[in-house]
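Trainee: This is the structure I want to talk about, given as structure tokens.
The values are calculated or read from the model by the stated rules, or taken from the named source; none is laboratory data. Please read these numbers as outputs of a predicted model, since none were measured by experiment. Glycine gets a Cβ as well: all are built from the backbone with ideal geometry, and neighbour counts include every protein chain shown.
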Amino acid sequence: MATLPLLKISSLRAGIDDNSILKGIDLEIRPGEIHAIMGRNGSGKTTTANVIMGHPDFEVEDGEVLLEGKSLLELEAWERARQGVFLSFQYPQSVPGLQVGNFLRKSVSSIRGEDEAKGAGFRDSLKQAMESLDIPRSFLSRYVNDGFSGGEKKRFEILQLMLLKPKLAVLDETDSGLDIDGIRTVAEGVNAAIRGTNSGALIITHYSRILEHVMPDKIHVLMDGKIVASGGPELATKLEEHGYEWLKED
Amino acid sequence: MDSASKYLDLGEPSRSSHLWKYTPWKRVHPSGNIGEIPKLSKPKLSLSLLDGDDAPDGITLIEGGKNEVDLPDTDEITHSFLEAISENSKWTLKVDKGFHSENPVVLEIEAGDEASSCHISLDIGESAEIEIVTKVTGGKDWFGLLRTGEVGSGAILNDVLIGLMERGTMLRTDSISVGRDAHVRAGTVSSGSEKTKSDVRFRMGQIGGSVRVLGSILSTESMHLDHHIEIHHDSPQTFSRLSWHSACGGDSRTVGTGMLRVSDGSKGADAAQIFHNLLLSEKAEADSIPELEVMEHDVVGCGHGTANGPIDEQQMFYLEARGLNKQEAKRTLIAAFLNSTLSEMGSERLHEWLVSELTKKLETLES
């Protein structure tokens, strides 16, 4: 029997404040696969990420989003997180007063269970993940995203990805605002969390550079709320060279 | 004139002043009859280290008051009233000159089941370095606290008052003088009494003084917590920051009024105050009035501000996306909001202790 898709999105229509943004999206990610969505500003990329995570401001008009065959749409965001959905935010929220170390323990405990958030096991995996992302120990006593640089915020999102070990990671423009070294570090973090596992990832990006390091299995182009092209890594190269206009002409 | 006669001479304070606008005097007077000066019980006071060990030599609690000079002007009504009712309940907390302790000292005041009050004089010696937590517990009826005192030149004092009364009313007046180059951090953590009327004042009458006043206030159910803070810059090169965070739930009300006074001649003064209110329910109310009186033009800066708002929905979503359910996310954000000021009140050790005390209160917060 064929394994269920990790993520299956069918005929998804969604919007915000009575404005339809997604106009029928179909997408399927199988376990172990990394897909990428590219598209211009306003094409619906971030809306797709928010709808998968369950942002309360977005309304699903039609369609279905299934994680391992189970519908996500009736679940609250925290229930989706506990089912294994992770969103790396384009603009992570700062929470002054909440220390990073405390936040990570709470989050790991909520998603992976109390035992995973304490003891030497947790400390070791935290230390290892922080070292691989070049995050200093002092980071743990800072407040969540408060006064972080753009690069620190993105690395912190990937640190959470590595500790939470989700089934599905959605990365919303995690590469934006990063320098070349930062992109490489983030890409290595994504590869470490997803490659060789049964998890999957959906990378939302404007640029092909992160894709050179992650090498997605499939790339989709989103335009005006619809996927207008899908293909292999060569699609990213074509978009880099010719932009999006040729897709309009097609 | 003694304190009792002085109080009786003053009459009822006008509600036109900010100090009495939100909490009329008769509402916080022990009997409500403002012409009465009741005889009250003495609370139990004890001094120990934060870990429960005996307080070390160099810090002592002595029964009886002391003469003090250069205190900031305070509200005459509450000051004279508290002085009068605490005539037989006076204490001096003395820290020797040059005394230094890494371990915070706890002054526990067990307010008791009946109405009680006390007057504590702080006598912080020159160049002493110490953290003092005044913890008010018990207190089912009414508790009055008058704190006066001096922080000696070059001393570094972290002074935190944590109000954990079971219910009832707390009336507090502080009048503290800060010496040359002395540094004071004064924290207030309030979450117990049903009604609180507090008036905390500092005067920097000598060059180089520094005062940082911080508040972490949690009001729930139908609490009414009214705090007034005044900082007087009466000397050059003095520095002050007032940062006050109040989280209000249920149908409670918090009031925060601040006054920064920079007198003529206080060149190079640097003063700022900010009040933040987190509204946790539709019925909760928070009022903040930050005021400035600046009589000197050659200052580094004098600023004030206030911000009110509910819990941020985007922060909620961020925490929910990390697996915290709605109630956990809300509690976490309230704790973080209060922790922003709590974490500035003293050492890491003191902070951990304060967080554990406040966490117990947060666990009882209605969802």
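Trainee: Would you confirm whether or not region A:144-156 contains a residue that is surrounded by fewer than 21 Cβ atoms within 10 Å (Cβ to Cβ), within 12 Å of another protein chain (Cβ to nearest Cβ) and in contact with a helix residue (DSSP H, G or I) (Cβ under 6 Å, 6 or more places away or on another chain)?
Mentor: no
Trainee: Before we move on, is B:Leu338 under 30 Å from A:Leu72 (Cα atoms), touching a helix residue (DSSP H, G or I) at 6+ places or on another chain (Cβ under 8 Å), part of a helix (DSSP H, G or I) and at the interface with chain A (Cβ under 8 Å from one of its Cβ atoms)?
Mentor: Working: under 30 Å from A:Leu72 (Cα atoms): no; touching a helix residue (DSSP H, G or I) at 6+ places or on another chain (Cβ under 8 Å): yes; part of a helix (DSSP H, G or I): yes; at the interface with chain A (Cβ under 8 Å from one of its Cβ atoms): yes.
In short, no.
Trainee: Sticking with this structure for a sec: If you go through region A:113-120 one residue at a time, do you hit one that is of a type outside the set (Ser, Thr, Tyr), within 10 Å of chain B (Cβ to nearest Cβ) and either on the phi > 0 side of the Ramachandran plot or in a helix (DSSP H, G or I) (or both)? Can you show your working first?
Mentor: Here is the first cut: in region A:113-120, the ones of a type outside the set (Ser, Thr, Tyr) are A:113-120.
Still in the running and within 10 Å of chain B (Cβ to nearest Cβ): none.
No, region A:113-120 has no match at all.
Trainee: Out of A:Gly101, A:Gly84, report the one residue that is surrounded by fewer than 22 Cβ atoms within 10 Å (Cβ to Cβ), in contact with a Leu (Cβ under 8 Å, 6 or more places away or on another chain), more than 26 Å from A:Val51 (Cβ to Cβ) and among the small types (Gly, Ala, Ser).
Mentor: Working: A:Gly84 fails: more than 26 Å from A:Val51 (Cβ to Cβ).
After ruling out the rest, the residue left standing is A:Gly101.
Trainee: Across region A:52-98, which residue is farthest from the other protein chains (Cβ to nearest Cβ) among those that are of a type in the set (A, V, I, L, M) and in a loop (DSSP other than H, G, I, E, B)?
Mentor: Initially, region A:52-98 is screened for residues of a type in the set (A, V, I, L, M), giving A:52-53, A:60, A:65-67, A:72-73, A:75, A:77, A:81, A:85, A:87, A:95, A:98.
This time we only want the ones that are in a loop (DSSP other than H, G, I, E, B), so: A:72-73, A:75.
Details: A:Leu72: 13, A:Leu73: 16, A:Leu75: 11 Å.
Top of the filtered list is A:Leu73.
Trainee: With the structure loaded, tell me whether B:Val28 is of a type in the set (Val, Ile, Thr), in contact (Cβ under 8 Å) with a residue 24 or more places away in the chain and farther than 25 Å from B:Val178 by Cβ or whether it fails that test.
Mentor: On the way: of a type in the set (Val, Ile, Thr): yes; in contact (Cβ under 8 Å) with a residue 24 or more places away in the chain: yes; farther than 25 Å from B:Val178 by Cβ: yes.
Taking the combined requirement at face value, the residue satisfies it.
Trainee: I would also like to ask the following. Go through region B:273-302 and give me each residue that's under 17 Å from B:His245 (Cα atoms), away from chain A (no Cβ under 13 Å) and either over 22 Å from the mean Cα position of the chain (by Cα) or not charged (D, E, K, R) (or both).
Mentor: B:Gln273, B:Phe275, B:Asn277, B:Leu279, B:Leu280, B:Ser281, B:Ala284, B:Ala286, B:Ser288, B:Ile289, B:Pro290
Trainee: Here is a further query. Answer yes or no: is there a residue in region B:150-165 that is part of a strand (DSSP E or B), modelled with pLDDT under 95 and out of contact with any His (no Cβ under 6 Å at 6 or more places or on another chain). Let's see the steps before the verdict.
Mentor: Looking only at region B:150-165, we keep the residues that are part of a strand (DSSP E or B), and these are B:150-151, B:156-163.
Going one step further and asking which of them are modelled with pLDDT under 95, we end up with B:162-163.
Filter once more, keeping what is out of contact with any His (no Cβ under 6 Å at 6 or more places or on another chain): B:162-163.
Yes, some residue in region B:150-165 is part of a strand (DSSP E or B), modelled with pLDDT under 95 and out of contact with any His (no Cβ under 6 Å at 6 or more places or on another chain).
Trainee: Something else about it: Please count how many residues of region A:6-19 are surrounded by 14 or more Cβ atoms within 10 Å (Cβ to Cβ) and over 17 Å from the mean Cα position of the chain (by Cα). Walk me through it before giving the result.
Mentor: Filtering region A:6-19 down to residues surrounded by 14 or more Cβ atoms within 10 Å (Cβ to Cβ) leaves A:6-10, A:12-16.
In the following step, the residues that additionally are over 17 Å from the mean Cα position of the chain (by Cα) were identified as A:10, A:12-16.
Residues that pass the stated criteria total 6.
Trainee: Any chance region B:271-281 includes a residue that's touching a residue at least 12 places away in the same chain (Cβ under 8 Å) and exposed (fewer than 15 other Cβ atoms within 10 Å of the Cβ)?
Mentor: Of the residues in region B:271-281, the ones touching a residue at least 12 places away in the same chain (Cβ under 8 Å) are B:271-281.
Now restrict to residues that are exposed (fewer than 15 other Cβ atoms within 10 Å of the Cβ): B:281.
Yes, the conditions are met somewhere in region B:271-281.
Trainee: Tell me which strands (runs of 3 or more DSSP E) are completely within region B:212-277 and hold 3 or more residues being touching a Gly at 6+ places or on another chain (Cβ under 9 Å), or say none if there are none. Steps first, answer last, please.
Mentor: Numbers: elements: B:224-233, B:239-248, B:253-262.
Passing ranges, in order: B:224-233, B:239-248.
Trainee: If you don't mind, there's one more thing I want to ask. Looking at A:Ile183, A:Ile210, A:Ile219, which one is part of a helix (DSSP H, G or I), touching a His at 6+ places or on another chain (Cβ under 8 Å) and buried (at least 20 other Cβ atoms within 10 Å of the Cβ)?
Mentor: On the way: A:Ile210 fails: touching a His at 6+ places or on another chain (Cβ under 8 Å); A:Ile219 fails: part of a helix (DSSP H, G or I).
From the options A:Ile183, A:Ile210, A:Ile219, the qualifying one is A:Ile183.
Trainee: Follow-up question, since we're still on this one. Going by the conditions given, is B:Arg15 in contact with a Pro (Cβ under 8 Å, 6 or more places away or on another chain) and surrounded by 13 or more Cβ atoms within 10 Å (Cβ to Cβ)? Write out each step before concluding.
Mentor: Numbers: in contact with a Pro (Cβ under 8 Å, 6 or more places away or on another chain): yes; surrounded by 13 or more Cβ atoms within 10 Å (Cβ to Cβ): yes.
It is true that B:Arg15 is in contact with a Pro (Cβ under 8 Å, 6 or more places away or on another chain) and surrounded by 13 or more Cβ atoms within 10 Å (Cβ to Cβ).
Trainee: Quick one: count up the residues across region B:190-211 that are among the hydroxyl-bearing types (Ser, Thr, Tyr), more than 13 Å from the chain's Cα centre (by Cα) and either more than 19 Å from B:Lys361 (Cα to Cα) or part of a strand (DSSP E or B) (or both). Steps first, answer last, please.
Mentor: We begin by selecting, within region B:190-211, every residue among the hydroxyl-bearing types (Ser, Thr, Tyr); these are B:190-191, B:193, B:196, B:198, B:210.
Filter once more, keeping what is more than 13 Å from the chain's Cα centre (by Cα): B:193, B:210.
Right, trim to either more than 19 Å from B:Lys361 (Cα to Cα) or part of a strand (DSSP E or B) (or both) and you get B:210.
Of the residues in region B:190-211, 1 are among the hydroxyl-bearing types (Ser, Thr, Tyr), more than 13 Å from the chain's Cα centre (by Cα) and either more than 19 Å from B:Lys361 (Cα to Cα) or part of a strand (DSSP E or B) (or both).
Trainee: Could you please give the count of residues in region B:341-355 that are over 12 Å from B:Ser243 (Cβ atoms), among the small types (Gly, Ala, Ser) and within 13 Å of another protein chain (Cβ to nearest Cβ)?
Mentor: Let us first name the residues in region B:341-355 that are over 12 Å from B:Ser243 (Cβ atoms), namely B:346-355.
With among the small types (Gly, Ala, Ser) added as a condition, the list becomes B:346-347.
Then drop every residue that is not within 13 Å of another protein chain (Cβ to nearest Cβ), which leaves none.
Final tally of qualifying residues: 0.
Conditions tested, residue by residue: (1) surrounded by fewer than 20 Cβ atoms within 10 Å (Cβ to Cβ); (2) of a type in the set (Asp, Glu); (3) under 17 Å from B:Ala247 (Cα atoms); (4) at pLDDT below 95.
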site: B:Gln314; (1), (2), (3), (4): yes, no, no, no
site: B:Phe317; (1), (2), (3), (4): no, no, no, no
site: B:Gln327; (1), (2), (3), (4): yes, no, yes, yes
site: B:Leu365; (1), (2), (3), (4): yes, no, yes, yes
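Trainee: Mind checking whether some residue in region B:307-319 is touching a His at 6+ places or on another chain (Cβ under 6 Å) and away from chain A (no Cβ under 14 Å)?
Mentor: no
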